[in-house]
Every structure is written in C-alpha cells, then in structure tokens.
1. Going through 163, 137, 124, 141 one at a time, which residue ends up being out of contact with any strand residue (DSSP E or B) (no Cβ under 7 Å at 6 or more places or on another chain), in the same structural domain as residue 35 (by TED's automatic domain parsing) and aliphatic (A, V, I, L, M)?
2. Residue check: is residue 25 under 30 Å from residue 122 (Cβ atoms), surrounded by 12 or more Cβ atoms within 10 Å (Cβ to Cβ) and at pLDDT 75 or above?
3. Looking at 393, 455 in this structure, which one is of a type in the set (Phe, Trp, Tyr), touching a residue at least 60 places away in the same chain (Cβ under 8 Å) and farther than 22 Å from residue 521 by Cα?
4. Can you find a residue in region 63-83 that is within 29 Å of residue 170 (Cα to Cα) and in contact with an Asp or Glu (Cβ under 9 Å, 6 or more places away or on another chain)?
5. Yes or no: region 28-51 includes at least one residue that is part of a helix (DSSP H, G or I), β-branched (Val, Ile, Thr) and modelled with pLDDT under 80.
6. Return yes or no: is residue 189 at positive phi and outside any strand (DSSP E or B)?
7. With region 61-132 as the region, which helices (runs of 4 or more DSSP H) entirely inside it contain at least 1 residues that are closer than 15 Å to residue 155 by Cα and in contact (Cβ under 8 Å) with a residue 40 or more places away in the chain?
8. State the number of residues belonging to region 416-436 that are surrounded by 15 or more Cβ atoms within 10 Å (Cβ to Cβ) and not aliphatic (A, V, I, L, M).
Amino acid sequence: MKIINTFRNLGLHNRLAIFSLSLIVIQTMGLGFVASYYLHSSLEQQIGMRAMSVAKSLVNSPIIRQGLLTKNNRVIQEYIEVIRLNTKARFIVIGDTNGIRYSHPDPEKIGQKMVGGDNDGALLQGQSYTSIALGTLGKSLRAKSPIYSKQGDIIGVISVGYLEQDIQDIIAKFKITFHLILGMILLTGILVTVYIAKRYRDDIFGLEPEEIAQIFTERDAVLTSILEALIVVNEHGMVTSVNRIALELLGNLSREAVVGHDIELLLPAYPLLLIDDDQQLYRDIEIELNNQAMILTKTPLLIKHKNKGVVLTFRLKDDIVTLSKKLSQVQQFSTMLQVQTHEYSNKLNTIGGLIQIGSLDEALELIFSENSGYQQLIELLIDVVDDPVIAGFILGKYNVAKEQNITFEIDKESSLKAIPEHIVPEKLVTILGNILENAFDASLKHNKKKAIVKFHMTDIGHDLIFEVEDNGCGISRELEMEMFSLGKTTKQSMGHGIGMYLVKTCLDQLKGSISITTAKSGGTIVTVYIPKCKLSSKDL
C-alpha cells in the first residue's frame, strides 16, 4: 500500500514516464527473447537441412556402397574425409548394419560401434531424419539416412553432424550484434520517453489530472457566470470556446453552430480586428452585430509569449447607454472644472497682482473681458445647440483648448437644433471628439504659428454637417489613405491608432461620410456629413 501511495505521489508525468519505460523494457526483453529463440530454431533447422542434403548426396555413392560390401574402411575414410572438409561438417560417419564405423574424423574411432542410440530409424525402418544426440565428439545435431545396395537392401547408415557447441558459437556472434541493437533501441526509447514526459509536464504547466479537471470545471463556471458575451478564437481563426450570453447575442445559435467554425462567418465585417496577429490589446471598440450596437474588447491570448489566438468580449451598447451618458457628462464637467480651476487660479493671481500694484482699471478690464468672453460662449451654445450632451462636450473642448493655449473658434453662424432621434449624441461625441483631438495635436505641432482650430456645425438641409479646420502642417496622401485603419497612427506614444477607426465605424453605422481637404493656411479641413433621415441598405 505504501508503494502504491508513493507511486501516486510521483506526479502524472513521472508516472507516465515509468509506465512508458516499463513498457519499453518489457517489449525489448520480449523481442530479444523471441528473436533469440527464433534465431536458434531457424539456425538448427537450416543446419539440419544442410546436413541432410550432404547425407542424401552420399547414400548412392558407389565408393561407399562398394566399401561397405567389401568391408574396406580405408577407401571410405579417404573419400569421406575429403567431402567432410569441403562441406565443413564436424563429422561424417559411415556405419554398417551393426553400427560399426567405417569412417570418422578421429581414425582411431574407426571399427568401433557408433554411439548416440539414434540409428534404428535408418537401419531398421529405412527413414531419413535429423536428431540431437551425445556422441564421442560431444552433443551434436546430426542427419541420418540409410544406405541401400543395388538390390534395395539396407547395408549401412550415414551420419552427417554439426556439434551443438559450434551452433551456439554462431548464435553467440549473432546475439552480440542483436543485443547491441536492442540496447540502442532501449536507450533511444528511454531518452525519448524522458523528453516526452518533460515536454508533457511543461505543456500542462505541471498540473495533475485532478487539478486539470478542477480548472476545467472552474472555467465552465466562470464562462457561465460572466454577464458579458465571450468568444475564444485560436490562431487559425476558429472558435474554440463560447459562453451562453455570446450564443444569445449571436442570434440564439447553438454551441455546435459556433464552436469549431471560422470567426469571420460570425463577424464578417471586422476581419482586421480578428486576424491581426500582433499582441496589442483593443478596448471598447464599437461594432454592429445582428443590427445591434455592441462594445467589443479584444485581448490577445498568449502562451509562452506566443500569440495563440484572441479572447473577444462584447456587450450590448444599449445596456450601458444611460450609464455612458452620466459618465460622459461627469467626465466633461470634471474636465471643465479642472481646467477652469487652473485657468481662474491664474486669472485671480493676475487680478490680485494688479490690485496690489494699484492698477485697478486694468484689473476691472481683465475681469470684464474674461466674464464677457466665457459668457458669450455659453450664450452661443445655449442659442445654437439644444442637446445638453453636445453643448457640454463643446464647452469642455473649449476649456481644454484654452488650457493648451489653442484658439478654439466656434462659428457664430452654427446651428444644431434638429438632431434626429436615431442619431445618438454619444456617437457624435465619439466622432467630433477624435477629430478635434487630432486637430488640436496638429495645430500644436506647427510651432511657428499660433495654434488655431475652427469649428462649424449646421443642421440646415438634409444632413448634419460638421467642419473642423486646423492650421497644422496638413496630412500626407499616404496617411490619408490609411488613417481609418485600426492601429494606424503617427503618434509615438502607446494607446493611439483607434480614434479615426472609431470615427469611421460610427459614420458607417450612421450611413455618414467624411472628406479631408487642405486649408488655405496649409492645415487640414475635415468635414463630416450625417444624413438626418435614417437610410436603409436599399437607399445606399
């Protein structure tokens, strides 16, 4: 019992190694035993057949027949010895019907009675056969055949033999080579088994079967408990795992209809996101699936620092619309308050300094100008923008621009009163936010000029039109062709390359379009067109 418990505690890979090694040893030993037995039997059979062939070839020899009839052993001995040396037989003995030798390798044994007791079958029954018996030279394998006269009477027996020791010497030579081969096979098997056991241990991270079963059970429980849809895709683009929420969002499909199938069949509109083999993490990518807006996150699946697929999680955007609105407003107000706090702190310090040096008129002028400019912006937004989310967004961008020393000019002729219900304000925030951020960055890079960004919006006509102009260095033709691709960016810091991809995604969902032209200042003009009427695929 103690041995069994110790064996169980060795670990799965060690137990498999021991089982494999034991099997290899047993198979090798069994193969060696069978091969040795077969070699011995086959060699005896071949030598026996060889001895019988020699015996059969001599029974009709006139010299032997005449020598037996005339009892002339000298003639027979001389004749047989020549043949024995040529055939390499250990002995060839000719005997008469009484078993008296007429030839023998040892001439002194001639005239004596043959030993072994195995002549009766040939002398009495006229049979030819092989036997193993102990003779004067030792234990030997011998072929016996009767010698007939011309009248057909048995007049003697011929015995052609090879010593058993000679056979064992031949087998021993074969065994040395054979055992060497078996030893190499055994050693190779041991090395391969040890390597496979180690590789197996590394591949399963040293886990035992009970631990693997527990992890598998926990995995199913985790997949079931996750409230987000989850799909695991391998490096070949095939779905390997999916949870219940994902099956529901994919259209109440069965697990068999998803697992083992190409992910591009399920998400055909987003191949670049799924087949990209880099190790970059993408979060909160907006996609459309089954006519529903989804928020998708792509996480690379890394095993030993190698990309083995991706994990996709997504959820309905409608489930978080309310929370997104509140969070968006809070973030905008927080940014605005942060910027305003910093800005007004600087202004208060300036006003305090002017008062201390007695420049009261300048202090009052600064107070009135600051209050007037900001108040005019608020009045403009109240007058031209009805949606509070869009108004708060523009106000926040104004304060960000002011903090970065960028002149953010909002066209006073702008109008954004009629936003259709199907156009979600958050999508407009995504589109305009990324375009304005790029415009701010482009204008700041042009250090020789004052950074200026102009913004115009209108709802006159059949489209909502937004125009953003910066006085940066413009956009190259190559970048203009690739800027909407996922991961394409000119910025060196991490976390970029998603903004314009999101802009294009949102515009595709709203059936909108975007154009990029060069401004007179050398900067860039980005114009966005969004139809006010909800278009179907037939209208496109």
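1. Values: 163 fails: out of contact with any strand residue (DSSP E or B) (no Cβ under 7 Å at 6 or more places or on another chain); 137 fails: out of contact with any strand residue (DSSP E or B) (no Cβ under 7 Å at 6 or more places or on another chain); 141 fails: out of contact with any strand residue (DSSP E or B) (no Cβ under 7 Å at 6 or more places or on another chain).
The unique qualifying residue is 124.
2. Values: under 30 Å from residue 122 (Cβ atoms): no; surrounded by 12 or more Cβ atoms within 10 Å (Cβ to Cβ): yes; at pLDDT 75 or above: yes.
So residue 25 fails the test.
3. On the way: 455 fails: farther than 22 Å from residue 521 by Cα.
Every option except 393 fails the conditions.
4. no
5. yes
6. Numbers: at positive phi: no; outside any strand (DSSP E or B): yes.
No: the conditions fail for residue 189.
7. Result: 62-70.
8. In the first step, residues of region 416-436 are kept if they are surrounded by 15 or more Cβ atoms within 10 Å (Cβ to Cβ); the result is 416, 419, 423-436.
Add one more test, that the residue is not aliphatic (A, V, I, L, M), and what stays is 425-427, 430, 433-434.
The number of residues fulfilling the criteria is 6.
The values are calculated or read from the model by the stated rules, or taken from the named source; none is laboratory data. Everything numeric in this text was worked out from a predicted model, so none of it was measured. No Cβ is skipped: glycine too gets one built from the backbone with ideal geometry, and neighbour counts run over all protein chains shown.
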